[in-house]
Structure formats: structure tokens, C-alpha cells
1. Grab the helices (runs of 4 or more DSSP H) fully contained in region 185-263, keeping just those with 1 or more residues being of a type outside the set (Ser, Thr, Tyr) and at pLDDT below 95.
2. What number of residues within region 221-253 satisfy the criterion of being surrounded by fewer than 16 Cβ atoms within 10 Å (Cβ to Cβ), within 26 Å of Met86 (Cβ to Cβ) and among the small types (Gly, Ala, Ser)?
3. Quick one: how many residues across region 136-168 are part of a helix (DSSP H, G or I) and in contact (Cβ under 8 Å) with a residue 60 or more places away in the chain?
4. Filter region 25-57 down to residues that are under 18 Å from the mean Cα position of the chain (by Cα) and free of Cβ contacts under 8 Å to residues at least 40 places away in the same chain and give me whichever is farthest from Ile90 (Cα to Cα).
5. Return the residues of region 1-23 that are of a type in the set (D, E, K, R), surrounded by fewer than 17 Cβ atoms within 10 Å (Cβ to Cβ), in a loop (DSSP other than H, G, I, E, B) and without any contact (Cβ under 8 Å) to a residue 60 or more places away in the chain; say none if nothing qualifies.
6. Between a first residue in region 218-235 that is free of Cβ contacts under 8 Å to residues at least 12 places away in the same chain and at negative phi and a second residue that is of a type in the set (D, E, K, R) and surrounded by fewer than 19 Cβ atoms within 10 Å (Cβ to Cβ), which pairs have beta carbons less than 8 Å apart while being 6 or more apart in sequence or on different chains?
7. Take region 91-135 and flag every residue that is outside any loop (DSSP other than H, G, I, E, B), out of contact with any strand residue (DSSP E or B) (no Cβ under 7 Å at 6 or more places or on another chain) and surrounded by 23 or more Cβ atoms within 10 Å (Cβ to Cβ).
8. Can you go through Thr15, Thr73, Thr33, Thr37 and tell me which one is over 19 Å from Val112 (Cβ atoms), polar (S, T, N, Q) and either touching a strand residue (DSSP E or B) at 6+ places or on another chain (Cβ under 6 Å) or at pLDDT below 95 (or both)?
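The values are calculated or read from the model by the stated rules, or taken from the named source; none is laboratory data. These numbers come from a predicted model, not from an experiment. Counting neighbours? That spans all protein chains shown, and the Cβs are built from the backbone with ideal geometry, glycine included.
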Amino acid sequence: MTELVRLDIEHEIATITLDSPNNRNALSQRLITELATHLAVATADPAVRFIVLTHTGTVFCSGADLSEAADGTGAAIGATAALTLMRQIIDARQPVVAVLRGPARAGGTGLVAASDIALVADHVDFAFAEVSIGVAPAIISIPLLAKLAPRAAGQYLLSAARFDCHEAARIGLVTEAVPEAELDARLADLLTQLRRTAPGAVAATKHILTRSLRYDLDVHGQDMVELSADLFNGAEARAGMQAFLTKTSPPWASIATTDKAQL
């Protein structure tokens, strides 16, 4: 069976690639499991100093796999797995660098927020699309609220509006946006700079930087799992996911120009 996530380790760098372009690298249970497995291998390898999280295809990650979520089963399992995945990235002793050549939506933005550094191509855009399908950004709210400017968090989490890479950098979701042709060179420069740092000191510094985020995961994580499961099993989510999958407007959409493309 072909892997949905690939791991390559070379020259102290573990590159983890989301490789499920047919469904826009959606966070299916299988993809989450494979990503968690590769993260565990990479973080435990004493030879790995840096982790790069990237993707194939035109989309970095479209969020939850709604074809799985729409049947109403396994919502709690999926939410728990997503929380564990965020924790793995945050707890990694190595810096995790997300590299995006395509957009991120919903749960995909959580992967970006959980990463320590995010480099994106300057055509990439983002949306926290959950409320448009009848759920809330429960699990990903924990890393997002640790990174985003508060007013921007309110604006974009409540509206599901799309925003570009420059706005993403301004509000704290990403580190830097560069022309796609320059992205590999910028990553190489960053890794060269990181190689000058002491691994133990970097691990300790990352532990300091993520202190409040780890606390929030401990305090609020289980509540967010339960909230996510409840909402995904609720009437609004069923209607919203059905509307998305059938490319129709959800019942609460009062304007006929609902933009489904942002999902």
C-alpha cells in the first residue's frame, strides 16, 4: 500500500512529506496515523537535528477528511488523534519547519501553527473554514491562539474568510513568505543558520518558547476533543458537510454567493 506520508532522513534533516494529493492532503485517520508514526521516528532519532514538514500537490493540507467525518462516526477518535499530533510537533526537541507551496485550510492551519517556523510561497492563502461547515476550530485553536494576534484571530476564526500569505505573516500564522522559486534557497539558508546552534540549547529554548502552549494543551486539550466530537456529530455539522460534499449551500447561508472554494 502506498504511503500517504513519506519520511526521508539525510544530513541531519528529517523531511516529512504529506503525499495524498488526490484528496488535497486531507487529515484522514490513515494520514494522521502515518504522520504521527513518522514524527515519532524523526523526533527519537539522535542524528536528526531539524524536521521539515512539507507536501506534494497543489494544497498543503485541506483540513479534516470530510468524507470520513460526514458519517458521524469516529469523531472523538479523530479529535484525539489530531490533539496528539499537535502535541508531537510542539514537544519535538528539534525545530519543526513547515514549508508550504499550496494553501492550508482548517486543520491544516493547525499544523502550520504548531510548527516552530513556517515558510510559504507568496501565492499561498489560508482560511479557518470550520464555522462555514457547522463546526468549530476546537483542537487547532490551542496552537492558533498562541500564535495569532487576538483581533485577527477573532476576525478570521469567526468569519472563515480567506486571507493571503502577507496577512498570515502579519498576524503571526507564518514566519515568512517568499516567491516560490526562492523557497528552497530560503529553506537552505535557514537550515544553514540553524546548524550553527547547539542542539541541546535549541531543545531547551524550544521548551521555553512552548511553555504556555504546552500548558494550554494540558488544561484545555480534552475539553477541545469533546467539543470537536460533539460538534461533528451535531445537526449543523451534518448539514454543513452534506452541503460541502454535494456542492450546495448550507441551510444557514443567507447569501447565494457562499464561497466553497475556500474549503
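1. 211-232, 235-246
2. 1
3. Total meeting the criteria: 5.
4. The residue in question is Thr56.
5. Across region 1-23, the qualifying residue is only Glu3.
6. none
7. Of everything in region 91-135, those that are outside any loop (DSSP other than H, G, I, E, B), out of contact with any strand residue (DSSP E or B) (no Cβ under 7 Å at 6 or more places or on another chain) and surrounded by 23 or more Cβ atoms within 10 Å (Cβ to Cβ) turn out to be Gly110, Ala113, Ala114, Glu130, Ser132, Ile133.
8. Only one candidate passes the filter, namely Thr73.
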